[in-house]
């Protein structure tokens, strides 16, 4: 039997504010709050609850955690995070939080962004997304926009509402950008998890092609990166981090090991070996071989042939 009915649902932003110990919102369908100001009176630890509206928050500093539907936000400096209607929420935070949070009902979203006809269309409101960590300049820009919204919200004039809605549209637009980048980075990290293994397999397959005389030239790092669908710099950084050597050094090491096998098991002349493995000339092959093995190809054959 579901435990959902036992989790209290705060029916409105007004009721939510009352329960956490802060003033009623100025608008029924929108509220923005300065964390630093709220921490003077807000309940720092809340039992699980649900809300029927959307939340966007940006932590400038402070510590704590928020759990949404069992997924934990480990909050730290410059974390941007989102909560959806009807998620089961729980928080446990310190009183040194700074930053802003925004509560929005669907009815307040009238300055629309192309392709997003309602708030549920935004990817960060469609499903759970862990907090997005922003760079300093990005966070400062977002905090400045939120501060402007807060100023308009707390200093009533006849023009507050259209300005607030326009600035909210800016916050949502930047949030799309940050979310897309975070998703891309996450996918790239997943790819990077086995990038070194895929690179090693690609080098192994290429060596087989060389030995069987099926390749017309030796592959460069750029060619390997294209085949692995990553940039040369990303490949280099990953291989250096995970294997402790550059891609070129790894390729040369495998070429030398392959040539050592051929020196032991065949009667190929050294210049024929250099040609087979697609070194640009015998002299270069000798230099690479000696750098890695400490011997010339001829010395190696004499000792192991």
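Please give the peptides 239-245, 162-168 ranked by average Cβ packing (other Cβ atoms within 10 Å per residue), highest first, as a rough proxy for protection.
In decreasing order of mean packing, 239-245, 162-168 become 162-168, 239-245.
Which order do peptides 215-222, 11-18 fall in by mean Cβ count within 10 Å, highest first? Mind dumping the intermediate values first?
Values: 215-222: 13.8, 11-18: 16.9.
Output ranking for 215-222, 11-18: 11-18, 215-222.
Is the shape of the range 195-304 rounded, prolate or oblate, going by the alpha carbon gyration tensor and its root eigenvalues a ≥ b ≥ c, with a/c under 1.5 for rounded and a/b larger than b/c for prolate? Don't jump to the answer; show the numbers that get you there.
Values: a/c = 2.28, a/b = 1.71, b/c = 1.33.
Verdict is prolate for the range 195-304.
Please say if the chain is rounded, prolate or oblate, where rounded means a/c under 1.5 for a ≥ b ≥ c the square roots of the C-alpha gyration tensor eigenvalues, and otherwise the choice is prolate for a/b larger than b/c and oblate otherwise? Mind showing how you got there, number by number?
On the way: a/c = 3.66, a/b = 3.27, b/c = 1.12.
Prolate.
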Inter-probe distance in nm under a simple model that places probes 7 Å from Cα toward Cβ, at residue 282 and residue 180: 5.7
Label point distance in nm, residue 127-residue 246, each placed 7 Å from Cα along Cα→Cβ: 4.1
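Please say if the range 57-172 is rounded, prolate or oblate, where rounded means a/c under 1.5 for a ≥ b ≥ c the square roots of the C-alpha gyration tensor eigenvalues, and otherwise the choice is prolate for a/b larger than b/c and oblate otherwise? Spell out each step's value before the answer.
Details: a/c = 1.79, a/b = 1.25, b/c = 1.43.
Judged from the Cα gyration tensor, the range 57-172 comes out oblate (a/c at least 1.5, b/c at or above a/b).
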Computed lengthening from residue 266 to residue 211, 0.36 nm per intervening residue step minus Cα-Cα distance: 18.6 nm
Extension gain (nm, one decimal) between residue 9 and residue 231, 0.36 nm per residue minus Cα-Cα: 75.1 nm
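All of the numbers you see were taken from the coordinates with simple rules; none came from a lab. As the structure is a computational prediction, the values presented were derived from the model and not from experiment. All Cβ positions, glycine included, derive from the backbone under ideal geometry; neighbour counts span all protein chains shown.
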